[in-house]
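Let me begin by presenting the structure, written as structure tokens, before commenting on it.
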Amino acid sequence: MYAVAIVAILVTLSLALARALMGPTVFDRIAAINMFGTKTVLLIAVFSFLTGRLDLLDMALVYAMINFISVVAVLRLFSHKDFHSPAENNVISVKVRRRWF
Amino acid sequence: MDLLIDISLLTFLAVTAIGIIRITNLFAVIMLFAIFSFLSATLFMTMDAVDVALTEAAVGAGISTVLMLATLALNKDHNEKQPDKNRHWLPLAVVLTTGAVLVYGTLDLPDFGDPASAPQTHVAPHYIEKAIEETGVPNIVTAVLASYRGFDTLGEVVVIFTAGIAVLLLLGGRREDPLDDGAKDKRVPQNLVLRIVSKIVIPVIMLFALYVQFHGDYGPGGGFQAGVIMSAAIILYSLVFGLGAAERIIPKSVLMFLTSLGVLIFAGVGIASLFLGGNYLNYSVLASSQVAGQHIGILLVELGVGITVFAVMLTIFFAFAGRERS
Amino acid sequence: MWDHLSLLLVVTPLIAAPLAAILPFGRVPWALAFLVALACAVMAGMQLWTILTGGPIQYELGGWAPPWGIVYRIDEVNALVAMIVSGIAAVALPYALLSAENEIEKHQIPLFYSAVLLCLAGLLGITQTGDIFNLFVFLEISSLSSYALISLGNRRQALTAAYQYLIMGTLGATFFLIGVGLIYSQTGTLNMADLAARLPEATGLKTVHTGFAFIMIGFALKLALFPLHLWLPNAYTYAPSVVTVFLAATATKVALYVILRVLFTVFPDGFVTNTPAGDLFLMAGILAVLSGSFRAIYQSNVKKLLAHSSVAQIGYMAIGLSFASVAGVTASIIHMFNHALMKGALFMAVGAIVYRVGACRMEHLHGLGRQMPWTFGAIIVAGFSLIGVPGTAGFVSKWYLVLAALEQQQWIVVAVILFGSLLAVIYVGKIIEALYFKQATNPELAVEEAPFLLLAPTWILVFANIYFGFDTDLTVGVAERAAQALGVAAK
Amino acid sequence: MVLDILSWVCLVAGGLVGVVGAVGIHRFPDFFSRQHATGTTDTLCALLILLGLGLQAGLSLAAFKVALIFLFLFITSPAATHALASAAVHSGLDPKRGRTDSEGQS
Amino acid sequence: MDFVVSHYNYLIAIFLMMTGFYTVISRGNLVKKIVGLNIFQVSVFLIYISLSTVKDGVAPIYVEGVKVYSNPLPHVLILTAIVVGVATTALGLALVVRIKEAYGTIEEDEIHSQDNSL
């Protein structure tokens, strides 16, 4: 049954990768890439149960953390355009109206 | 099943790499690079290199990606200029030649997974058979890393230290007073969801980093990975609560001190073993029995690695994030 | 502590570097760096002496026997190169005090000396080690610190030069890594002595040939051997003066050492002669001499001129080693030593001019010869050495190179060497002409002679140039023993 | 035994939901509707699969780690989806026009 | 065909290396060059790790009774190499930031034309 889950995740991964490469907008790419990251975590989790090497869950955990941090970093880039001020809520207002993609 | 995963991952890698060449939006390129890094880390994991996988995920997809994004954040334009089509043939020729030579070189390479090949029969068996009794550390990678090839690891810590010094030399010039941000912190509305979530998550990450640090003798992990994860926690804090807030927790002077401290701990263990009559980094002389000495040595050395890596990663991130957008 | 000499040589600057970074009091970091460099020079001297009298040293790091642990294995070659590196460092650091204060921002001075010490530790680590992967690690220490040091130059081109060097240097290091991996796949070991023992069985394998090629290309990039020299002229031109002095006199020498070591010690006898490697080195060397010298003639920036001349001089060294004979390798090693002396002296003298005038394009030099007689004198003597005038060190190395070429009956090579010297006459003449014979563009502008702290190190190297032009026992004697220690097959 | 069957069901269902979401990002016409597909399935897929794994692990350190992984995914996915969508809106991507090609214009 | 089956790891790693190498030498954008450099290096790591794999081996963490482990040595080497890689990346990106501040661009040809027009 683990195998079924793994195959399903691999299929998901390939479809997400295809979207990441096809675009067409940069947001499509980022959404697809984010999806890819989440699914990789799941892949490792299932893989560790498949092979019975449960210490690999540490890896999945690190992936999840890193994924979280890079998503936050990306959001910062979107909402602030810089890394040195604190995160705000409704910042995506006037100053970001420009198109940068 | 392993084969299926292997081949799918390799295919994904190849597709991602082509994507990176073709896509001109740098933002997407960096995100794809993070994917590339995740994928290769997963591949390392399926090939039993757990420690390497942990490091690659934390470094490649974590630190490198964040640094690349920080660089991009200083840039208004996120698109690469389309390269000149006529200039392609020379690089292509160089690359194809190099590739052909490499393929020629693999013709005599031992088969994948061959247990009779030279690497599997010459030096490594000694580590696999003797490491546990000579060092008492079950994780053979840690034993080799910290003891047999401990001097390489000292070099590695010094490389990281050098990177810290180099980035400070390049980007440390303009010092803003971090306390200036204090007023701003209160004025602007904060992203509530992110803040609360981070408050929950950051301690967990830090705890996990400590687990990786001290569990490195028995499982995947060690000072390097722990340092990176710990610094990732502070980086997250800095991203959510602002650079000023983060620098108030760990001022730059403390970071500078920690950076040096780690290297000095590592090198100091070596000097201590000189004084106790052993060769440099011979931990066996640190205690009455060899295994106990090795244990103390490896623990201290890993601690040194962890401290320097943590401090340097943060120094580098702060240096990047503190730069004004030009 | 006597037993640990070879180790302390590397570890002392390694430990001093973090200390220098957290000692931000005035000139304390400089004093620390200077003392460490001096100590290193003394230790390297003692190490050389020990080896000349007592044979090779082996030091097992961590107390693990090779091939499981990392070892230092030092014979005449390592000891000589370590001597060059630490000797130049000891001479360059007194020079650094004023030069760095002039060219580098004040708050960066402690970090600057930390980076210098790291670079020194990296270079010494490369020369001392007997483990090919440990070599890679220390290569990266020295490379990373030199990228940072180069980028400190006060013109913005320094940044692009450092970036270009970073890209090419990292490509070179990665090529080296690929080569090591391929060789590891056939031998299972990383220890150089062990590799030398196990490689003869594997010489026929395609993987080993490829690995060899990648290691050579990787270090040819670091050596700045033609046509992989593109990073060098800009890097040397725009780096701060003292950085140029240090790197020009040491970094490429260490890269040459690694090539010699891998070529002659690690790979079995006759590997050079049975593969096209020797011919390729010869061709690259000849082209380097010609193109480097010609390019040097057309430069209007003195530092760039000297940088292109360095490319040419590296060509001479490549020619020497391509013969794969004792005479040729000896000539290479002698030239490596002498080139460190002459380029060190020349870049120091130019740095002194930069200290006073703030620039070093040809037009800034006009008429300076009369106002800065000591600096001018240093340029003349070191320039003569660069040309190869009898009585200077440069003559000795050219002489042995020509002898080695004659032994191989390579008449074309002899002609190239002589022609290269002729071109050197032109470009050195250009500098001297600008300094002495051209009218000063602004005669009222009084330029003082450079301060004593800049002149003294310069003249130490200048005297060394003259001394080693007469006393050849030390250089030639050691170089011959070094060539034999490398395992070059006698013909 | 019951737990086993339950966990198998969860795993398979999770995989299925994942595939459905992935198909969704190809079948829907524009960015925002595609976000709908990924956003909703991503979390459910993670939930089901990790629940299945957790049931296999029982009460152990592994189960705790699985729970931790779930915590991270459960937080990040919706946050990312939300932020991306709002960033897209504010950068001028118009949902009504359907398939737009704003990339080439900037 | 046997060769491809037993060496597919190496062949794909070489392909990846070459894409990275190509990105470094053909692209003018300084950030993209750094990305290319990273891909190049990671692919070299893949070759090393492939060398360490042993059929039916497990991760080199000592377990009572298990005899066949993967080769730990390449793992150690690559751990070091990853560190070196991130150090280089950080320094390279710092240089890019400074170049951007000094020239206002991160495109190689625009930098060259600015330098030459002086």
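The values are calculated or read from the model by the stated rules, or taken from the named source; none is laboratory data. Here the structure is a predicted model, which is why all the values come from computation and not from measurement. When we count neighbours, we look across all protein chains shown, and the Cβ atoms used for this are built from the backbone with ideal geometry, even at glycine.
If you check C:154, C:102, C:78, which single one turns out to be assigned to a loop (DSSP other than H, G, I, E, B) and either over 30 Å from residue E:47 (Cα atoms) or of a type outside the set (S, T, N, Q) (or both)?
One residue alone meets the criteria, C:154.
Are any residues in the range B:230-256 touching a residue at least 40 places away in the same chain (Cβ under 8 Å) and facing another protein chain (nearest Cβ under 7 Å), and if so, which ones?
Across the range B:230-256, the qualifying residues are B:232, B:235, B:240, B:241, B:242, B:243, B:245, B:256.
Sort out which residues of the range C:143-164 are more than 9 Å from every other protein chain (Cβ to nearest Cβ) and either of a type in the set (Asp, Glu) or under 16 Å from the mean Cα position of the chain (by Cα) (or both), and write them in order of number.
C:146, C:150
Could you go through the range B:103-121 and let me know if any residue there is farther than 30 Å from residue B:243 by Cβ, in contact with an Asp or Glu (Cβ under 6 Å, 6 or more places away or on another chain) and either surrounded by fewer than 21 Cβ atoms within 10 Å (Cβ to Cβ) or within 13 Å of chain C (Cβ to nearest Cβ) (or both).
There is no residue in the range B:103-121 that is farther than 30 Å from residue B:243 by Cβ, in contact with an Asp or Glu (Cβ under 6 Å, 6 or more places away or on another chain) and either surrounded by fewer than 21 Cβ atoms within 10 Å (Cβ to Cβ) or within 13 Å of chain C (Cβ to nearest Cβ) (or both).
For the range E:68-118, enumerate the residues that are facing chain B (nearest Cβ under 7 Å) and small (Gly, Ala, Ser).
If the condition is that a residue be facing chain B (nearest Cβ under 7 Å) and small (Gly, Ala, Ser), then E:70, E:87, E:90, E:94 are the ones that fit.
Among the residues of the range B:259-281, how many are within 20 Å of residue B:216 (Cα to Cα) and assigned to a loop (DSSP other than H, G, I, E, B)?
The total comes to 1.
Between a first residue in the range B:32-51 that is free of Cβ contacts under 8 Å to residues at least 60 places away in the same chain and a second residue that is surrounded by fewer than 24 Cβ atoms within 10 Å (Cβ to Cβ) and hydroxyl-bearing (Ser, Thr, Tyr), which pairs have beta carbons less than 7 Å apart while being 6 or more apart in sequence or on different chains?
Taking only residues 6 or more apart or on different chains, the pairs are B:47/E:53; B:48/E:53.
I need the full set of residues from the range B:282-326 which are under 30 Å from residue E:97 (Cβ atoms), assigned to a helix (DSSP H, G or I), away from chain C (no Cβ under 14 Å) and out of contact with any Phe, Trp or Tyr (no Cβ under 9 Å at 6 or more places or on another chain), in order please.
B:310, B:313, B:314, B:318
With of a type in the set (Ser, Thr, Tyr), within 30 Å of residue B:131 (Cβ to Cβ) and buried (at least 23 other Cβ atoms within 10 Å of the Cβ) as the only criterion, which of C:86, C:6, C:114 stands out?
From the options C:86, C:6, C:114, the qualifying one is C:6.
Residues are listed down the side, and each one gets a yes or a no for (1) surrounded by fewer than 22 Cβ atoms within 10 Å (Cβ to Cβ); (2) more than 8 Å from chain E (Cβ to nearest Cβ); (3) part of a helix (DSSP H, G or I):
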{"residue": "B:5", "(1), (2), (3)": "yes, yes, yes"}
{"residue": "B:15", "(1), (2), (3)": "yes, yes, yes"}
{"residue": "B:33", "(1), (2), (3)": "no, no, yes"}
{"residue": "B:42", "(1), (2), (3)": "no, yes, yes"}
{"residue": "B:53", "(1), (2), (3)": "no, yes, yes"}
{"residue": "B:56", "(1), (2), (3)": "no, no, yes"}
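Would you call residue E:6 facing chain B (nearest Cβ under 7 Å), hydroxyl-bearing (Ser, Thr, Tyr), more than 22 Å from residue B:51 (Cβ to Cβ) and out of contact with any helix residue (DSSP H, G or I) (no Cβ under 6 Å at 6 or more places or on another chain)? Explain how you work it out, then say what you get.
Details: facing chain B (nearest Cβ under 7 Å): yes; hydroxyl-bearing (Ser, Thr, Tyr): yes; more than 22 Å from residue B:51 (Cβ to Cβ): yes; out of contact with any helix residue (DSSP H, G or I) (no Cβ under 6 Å at 6 or more places or on another chain): yes.
It is true that residue E:6 is facing chain B (nearest Cβ under 7 Å), hydroxyl-bearing (Ser, Thr, Tyr), more than 22 Å from residue B:51 (Cβ to Cβ) and out of contact with any helix residue (DSSP H, G or I) (no Cβ under 6 Å at 6 or more places or on another chain).
Name the residue that is farthest from the chain's Cα centre (by Cα), counting only residues in the range A:8-52 that are closer than 21 Å to residue B:22 by Cα, assigned to a loop (DSSP other than H, G, I, E, B) and without any contact (Cβ under 8 Å) to a residue 12 or more places away in the chain.
The extreme case among them is A:24.
In this structure, does residue D:53 turn out to be surrounded by fewer than 21 Cβ atoms within 10 Å (Cβ to Cβ) and either in a helix (DSSP H, G or I) or facing chain A (nearest Cβ under 9 Å) (or both)?
Judged against the criteria, residue D:53 is not a match.
Per-residue answers, yes or no, for (1) more than 19 Å from residue C:143 (Cβ to Cβ); (2) outside any loop (DSSP other than H, G, I, E, B); (3) of a type outside the set (Asp, Glu):
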{"site": "E:15", "(1), (2), (3)": "yes, yes, yes"}
{"site": "E:19", "(1), (2), (3)": "yes, yes, yes"}
{"site": "E:23", "(1), (2), (3)": "yes, yes, yes"}
{"site": "E:35", "(1), (2), (3)": "yes, yes, yes"}
{"site": "E:54", "(1), (2), (3)": "yes, no, yes"}
{"site": "E:83", "(1), (2), (3)": "no, yes, yes"}
{"site": "E:96", "(1), (2), (3)": "no, yes, yes"}
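Yes or no, residue by residue, for (1) modelled with pLDDT of 90 or more; (2) touching a Ser or Thr at 6+ places or on another chain (Cβ under 6 Å):
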| position | (1), (2) |
| --- | --- |
| C:80 | yes, no |
| C:89 | yes, no |
| C:100 | no, no |
| C:104 | no, no |
| C:123 | yes, yes |
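Kindly provide the set of residues from the range C:6-31 that are away from every other protein chain (no Cβ under 13 Å) and touching a Phe, Trp or Tyr at 6+ places or on another chain (Cβ under 9 Å), ordered by number.
C:30
Being surrounded by fewer than 21 Cβ atoms within 10 Å (Cβ to Cβ) and free of Cβ contacts under 8 Å to residues at least 40 places away in the same chain is the filter here; which residues of the range B:265-278 pass it?
B:268, B:271, B:272, B:274, B:275, B:276, B:277, B:278
So if I check each of C:232, C:205, C:195, C:182, which one is surrounded by fewer than 24 Cβ atoms within 10 Å (Cβ to Cβ) and either within 12 Å of chain B (Cβ to nearest Cβ) or over 16 Å from residue C:260 (Cα atoms) (or both)?
Just a single option satisfies the conditions, and that option is C:205.
Considering only residues that are more than 7 Å from chain B (Cβ to nearest Cβ) and not small (Gly, Ala, Ser), look in the range E:46-67 and name the one that is farthest from the chain's Cα centre (by Cα).
E:64
Mind checking whether some residue in the range C:91-106 is touching a Gly at 6+ places or on another chain (Cβ under 8 Å) and closer than 17 Å to residue C:128 by Cα?
no
Looking at the range E:105-118 only, could you name the residues that are outside any helix (DSSP H, G or I) and either at pLDDT 85 or above or under 27 Å from the mean Cα position of the chain (by Cα) (or both)?
Listed by number, the residues that qualify are E:105, E:106, E:107.
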